[in-house]
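All remarks here apply to the structure that follows.
Taken together, the values in this text are just the output of simple stated rules run on the coordinates, not laboratory data. These numbers come from a predicted model, not from an experiment. Note: ideal-geometry Cβ built from the backbone for every residue, glycine included; neighbour counts use all protein chains shown.
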Amino acid sequence: MDVTETFMVHGGNVWAYREQWGGDLSGMADFSANINPLGPPDAVRAAMRAALEEVHRYPDPRQERFRRRVAETWGVPSDAVIAGNGAVELIFLLMAVWRPRKILALAPSFTEYEEAARVMGARVRHLALRPENAFVPDGQTVADAIRAGDVDMVALANPNNPTGVLWRSEELDEVLTEAHRSGVRVLLDEAFLDFSPDEHRLSRIGQAAKSEGLFVLRSMTKFYSIPGLRLGYGAAAPELVRCMDRLRPPWSVNGPSLAAGIAALGETAFARTTRTWVAEQRNRMAEEFRRLGFDRTPSRANFLLAWREDFDIRRAWPHLAARGVFVRDCRSFVGLDERFLRVAVRPEQDQKRLFAGLRALCTG
Ligand SMILES: Cc1ncc(COP(=O)(O)O)c(C=O)c1O
């Protein structure tokens with residue numbers, strides 16, 4: 001199996017899995033994409049359905065109502081908010097505006113930052129996160145790398161993917177301060193921060209709206225379980241938002257997505273239930289991994305990175321796939337290899353299938 005195959009580069013490519021292993025989608029336990037299995041919330045489904053009745057009209061090209069709703073949620077002006085057809089659209093638009101020369105990327109991390117930067121002609125410098133430190137980022141090292149003056153942009157994620165590890169607030173402050181002082185721009189990806197009960201205290205959306213050179217990225221596809229619909233947003237200085245908006249094709253965010261996003265932002269009970277459930281099930285899964293002799297990251301997101309010295313994902317894949325269980329092969333992440341797997345937090349009946357498969361593999 002070749003790591004460049006599409007389902008190796010991103011999780012959740014059930015279409016490719018089905019082609020390779022057969023079976024029907026409804027029977028799959030897909031741990032490979034980090035999607036909240038409790039969603040979409042009923043209000044989001046209803047809003048989407050109602051918006052489908054309006055598909056004969058163009059969507060609002062300026063996404064005003066959605067942007068205002070985001071702005072209200074975070075107490076920032078709506079001209080500091082940009083909507084995207086998934087967070088990933090905004091990563092590419094941001095790189096097209098900033099056109100970095102060389103970016104600093106932590107490794108392992110979400111690879112689209114560097115993919116998008118490379119498309120724009122940038123070079124990439126990696127800074128390794130270490131398994132012996134549980135992949136916890138070290139603010140001092142990142143600030144030193146910024147101070148060294150060799151890069152003009154840095155991509156950070158809080159929490160990081162594939163580790164789920166959060167930055168310590170003071171260390172993130174140190175990095176942002178150093179970046180500002182050195183004139184290095186920062187993409188701060190908060191795609192999974194809504195899974196944290198401290199989301200409002202930890203988010204830097206307010207700071208991004210007021211400062212030059214900081215773009216905060218958010219996704220709505222994971223928490224609200226709408227990856228097939230696509231919706232994300234970002235916060236930045238209004239001038240940057242205007243430049244990004246000018247580059248994108250008109251109407252890139254469709255009507256049902258915007259309606260779903262407005263409904264989702266009112267779903268506070270769903271948010272509370274999700275956070276409690278994810279924390280409980282994540283602990284349960286971490287404990288199962290521990291029993292099987294795997295190390296795990298101290299994740300605060302809806303997924304875990306696990307590894308064991310003698311684990312080999314190439315051997316595990318067909319074995320798990322035969323049970324309809326799909327996990328994220330981590331070989332396409334810089335710095336990880338066949339000893340690692342990433343799994344989303346999923347319901348207990350799916351966990352049973354995953355751990356039965358792993359147990360058979362590790363003890364058989
Ligand atoms: C860290 C991170 N940021 C951004 C994205 C893109 O999310 P979206 O589905 O909103 O485009 C992903 C998707 O997997 C991700 O893992």
Checklist entry - Does the chain come out rounded, prolate or oblate by the C-alpha gyration tensor, with a ≥ b ≥ c the root eigenvalues, rounded set by a/c under 1.5 and, if not, prolate when a/b is larger than b/c and oblate if not? => result oblate
Checklist entry - Roughly how many whole Å is it from the C-alpha centroid of the range 311-364 to that of the range 119-177? => result 28
Checklist entry - Listing M220, M48, M285 from the residue with the fewest other Cβ atoms within 10 Å to the one with the most, what is the order? => result M48, M285, M220
Item to check | Karplus (6.51, -1.76, 1.60) ³J(HN,Hα), θ = phi - 60°, over the range 290-296, in Hz, Gly and Pro reported as x | outcome: 4, 4, 8, x, 8, 7, 9
Checklist outcome for this item: Ordered by fewest other Cβ atoms within 10 Å, a rough proxy for footprinting exposure, S109, S211 read S211, S109
Checklist entry - By how many nm would the segment from Q20 to T276 lengthen if fully extended, with 0.36 nm per residue of separation less the alpha-carbon distance? => result 88.6 nm
Checklist entry - When the helices in the chain are scored as -39500 (n - 2.57) per DSSP H run of 4 or longer and the sum is shared across all residues, what 222 nm value do you end up with, to the nearest 500 deg cm²/dmol? => result -12500 deg cm²/dmol
Next on the checklist: I'd like the FRET efficiency for R291 and A46, computed as 1/(1 + (r/R0)^6) with the beta carbon distance as r and R0 of 41 Å, rounded to 0.05.
Outcome noted: 0.45
Next on the checklist: For L214, what residues show an amide H to amide H distance below 5 Å, using hydrogens built from the backbone and excluding near sequence neighbours?
Outcome noted: V186, A237
Checklist outcome for this item: Of the range 304-347, those with amide N under 14 Å from the point 7 Å along the Cα→Cβ vector of R284 are 345-347
Item to check | Centroid-to-centroid separation of the range 56-90 and the range 187-262 [C-alpha atoms, Å] | outcome: 8
Item to check | Karplus-derived HN-Hα couplings along the range 216-225 (A = 6.51, B = -1.76, C = 1.60, θ = phi - 60°), whole Hz, x at Gly and Pro | outcome: 9, 10, 10, 10, 10, 7, 7, 5, 9, 6
Checklist entry - Relative to the present Cα-Cα distance, how much length would full extension add between R201 and D337 at 0.36 nm per residue of separation? => result 45.5 nm
Checklist entry - Label points 7 Å out from Cα along the Cβ direction at R353 and H126: separation in nm? => result 3.2
